[in-house]
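> The structure that follows is given in the form of structure tokens.
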Amino acid sequence: MKITEHIAAAKGKTLFSFEILPPLKGQNIQSIFDGIDPLMEFKPPFIDVTYHREEYVYIEQPNGFLEKKVVRKRPGTVGICAAIQNKYGIDAVPHILCGGFTKEDTENFLIDLDFLGINNVMALRGDAVKSETYFKPEPKGNCFASDLVSQIQEMNQGQYLDSPLEKNHATNFCVGVAGYPEKHMEAPSLDNDIERLKAKVAAGAEYVVTQMFYDNSKFFEFVSKCRKSGITIPIIPGLKPLATKKQLTNIPHRFHVDLPEELIRSVNNCKTDLEVREVGVEWCTAQSKELISSGVEVLHYYSMGKSTNIHKIASSVF
Ligand SMILES: Cc1cc2nc3c(=O)[nH]c(=O)nc-3n(C[C@H](O)[C@H](O)[C@H](O)COP(=O)(O)OP(=O)(O)OC[C@H]3O[C@@H](n4cnc5c(N)ncnc54)[C@H](O)[C@@H]3O)c2cc1C
């Protein structure tokens, strides 16, 4: 089923969903199942699986020269999605990026998904490669998520890159895109970023999942601005409970989100990361309850493969 169909079928009840990352190369899929199993009691209608683009590492040679090597630390997004759909009989939503993909790579990726019966995708631009400051699209690749959404919608119309083909099977993807309650780091303003989000919707996006946030008022303000600008599709809040003291600096640095003073104080008062986890669970539970009362269609948790804290939150919320 499409994510939009799950939302319609829930008839106003808030659904539970979460996101996982493929394991590091060399590990097997059992760690993924071990993370999913305890969360199945909350009946997630879908699980997202992130996509991780290549990284460059530079290895010093005996002659002192640096050799550039391309490494992919977390491959396996499509395989994990197929395994989830097979094992649990629920929808898996692979993330797909502009970065590192030519349009032809994108088309082939989508053909694989279509053949596997995967009908939902989350379309993202992706970040710059770690060793570079700015995002660079692949030659003959999509530049922005809105371009990627357009390509997917063309395939939904039966248009392939080398059309006309002998037979043009139309795919049937439901496309999600990212939204940023505290604006994307490269956007000059929140209003400008919302205009870009509107372009993704105009290209055919059917729902939005937001970047994590720790202050619900930022989410409510974002949704209100989106609605005023004419965006009517579901906006699904993304939540990530804090689990370590280090995240007080890591999360703002990596995701460009603010942490409320009260949360910072509570975390700073903790003596161990175990205590921080408890604070994170309490905070995220309170956020979840308020978001449910506001009528959000889905609560989407960034589990990072660790389900214990998400289980605690879901137990008191769903
Ligand atoms: C829910 C969610 C899931 C994610 N999953 C992954 C994942 O699996 N793998 C991964 O690598 N990353 C993931 N990310 C991170 C994401 O790839 C980065 O945040 C990336 O920098 C932006 O992606 P986007 O799709 O929002 O880009 P876009 O929507 O293309 O926007 C990128 C920037 O360009 C601007 N912009 C858009 N269109 C135009 C235009 N036409 N002209 C000028 N500027 C424009 C926007 O305002 C924004 O600042 C995820 C993020 C979220 C919120």
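> Rounded to a whole number, what % of the accessible area of region 3-316 do carbon and sulfur atoms account for, probe 1.4 Å? Could the numbers behind the result be given before it?
Working: 8010 of 15420 Å².
Roughly 52 percent of what the probe reaches on region 3-316 is carbon or sulfur.
> Same structure, new question: For the ranges 71-77, 224-230, what's the packing order if you count other beta-carbon atoms within 10 Å of each residue, average per peptide, and put the highest first? Don't skip to the end; give the middle numbers.
Numbers: 71-77: 15.7, 224-230: 12.7.
Highest mean packing first, the order is 71-77, 224-230.
> Along region 211-218, what does the Karplus equation 6.51 cos²θ - 1.76 cosθ + 1.60 (θ = phi - 60°) give for ³J(HN,Hα), rounded to whole Hz, x for Gly and Pro?
My calculation for region 211-218 gives 4, 4, 8, 10, 10, 4, 5, 5 Hz in order.
> Work through the residues other than Ile152 whose Cβ is under 12 Å from its Cβ and net out their charges, Lys, Arg +1 and Asp, Glu -1. Please report the intermediate quantities before stating the final value.
Numbers: positive: Lys103, Lys200; negative: Glu107, Asp114, Asp147, Glu154, Glu206.
Net of charged neighbours comes to -3.
> Could you work out the helix-only [θ] at 222 nm for the chain, with each DSSP H run of four or more residues adding -39,500 (n - 2.57) and the total divided by the number of residues, to the nearest 500 deg cm²/dmol? Each step should come with its number before you reach the end.
On the way: 11 runs with 127 residues, N = 318.
Result for the chain, helices only: -12500 deg cm²/dmol.
> May I pose another question? At a Cα cut-off below 24 Å, give the lysines reachable from Lys68, other chains included and same-chain residues fewer than 8 away excluded.
Lys25, Lys130, Lys136, Lys140
> Let me cross-check Thr232: its accessible surface, 1.4 Å probe, with only protein heavy atoms counted, in Å² to the nearest 10?
Taking all protein chains as shown, Thr232 has close to 110 Å².
> Sticking with this structure for a sec: Quick one: Karplus J couplings for region 291-304, per residue in order, coefficients 6.51, -1.76, 1.60, θ = phi - 60°, nearest Hz, x for Gly and Pro?
Couplings: 5, 5, 4, 7, x, 5, 6, 9, 10, 10, 9, 8, 8, 6 Hz.
> What shape does the chain take by its C-alpha gyration tensor, where a ≥ b ≥ c are the square roots of the eigenvalues and a/c under 1.5 counts as rounded, a/b above b/c as prolate, and the rest as oblate?
Rounded is the answer for the chain, as its axis ratio a/c remains below 1.5.
> Specify which residue in the list Phe18, Val71, Ser31 is farthest towards the positive end of the charge dipole of region 1-120, using unit charges on the beta carbon of Lys, Arg (+1) and Asp, Glu (-1), about the Cα centre.
Positive-most Cα among the choices belongs to Phe18.
> Taking H placed 1.01 Å from N in the peptide plane, check which residues at least 5 places from Gly100 or on another chain put their amide H under 5 Å from its amide H.
Here Glu138 satisfy the definition.
> Then there is this: With the cut-off at 18 Å, tell me which of the pairs Lys11/Lys312; Lys11/Lys43; Lys73/Lys312; Lys245/Lys271; Lys2/Lys306 have Cα atoms farther apart than that.
Working: Lys11/Lys312 25 Å; Lys11/Lys43 15 Å; Lys73/Lys312 30 Å; Lys245/Lys271 9 Å; Lys2/Lys306 26 Å.
With Cα atoms farther than 18 Å apart: Lys11/Lys312; Lys73/Lys312; Lys2/Lys306.
> Rounded to the nearest 5, what is the percent of antiparallel bridges among the DSSP beta bridges in the chain?
Values: 6 of 34 bridges.
Of the beta bridges lying entirely in the chain, close to 20 percent run antiparallel.
> Averaged per residue, what accessible surface does region 3-316 expose to a 1.4 Å probe, in Å²?
Values: 15420 Å² over 314 residues.
In whole numbers, region 3-316 has 49 Å² accessible per residue.
> About its Cα centre, what dipole magnitude does region 1-131 give when the only charges are +1 on Lys and Arg Cβ and -1 on Asp and Glu Cβ, stated in debye to the nearest 20?
On the way: 15 positive and 17 negative charges, 40 e Å.
The dipole of region 1-131 has a size of about 200 debye.
> OK, next. Let me have the relative contact order for the chain, percent, based on Cα pairs under 8 Å that are six or more residues apart. Walk me through the intermediate numbers first.
On the way: 548 pairs, mean separation 60.6, N = 318.
Contact order relative to length: 19 percent.
> Among rounded, prolate and oblate, which fits region 149-251 when a ≥ b ≥ c are the square roots of the eigenvalues of its C-alpha gyration tensor, a/c under 1.5 means rounded, and a/b larger than b/c means prolate? Show your work: numbers first, answer last.
Details: a/c = 2.75, a/b = 1.98, b/c = 1.39.
Note, shape of region 149-251 comes out prolate.
> Once you order the gyration tensor axes a ≥ b ≥ c over the Cα atoms, which shape class does region 1-146 get: rounded for a/c under 1.5, otherwise prolate or oblate by comparing a/b with b/c?
Details: a/c = 2.48, a/b = 1.70, b/c = 1.46.
Prolate, since a/c reaches 1.5 and a/b exceeds b/c.
The values are calculated or read from the model by the stated rules, or taken from the named source; none is laboratory data. Model, not experiment: these values are computed from the prediction. Heads up, the Cβs are rebuilt from the backbone with ideal geometry, glycines too, and the neighbour counts pull from every protein chain shown. Accessible surface areas use protein heavy atoms only, side chains included; no ligands, DNA or RNA. Shrake-Rupley method; radii C 1.70, N 1.55, O 1.52, S 1.80 Å.
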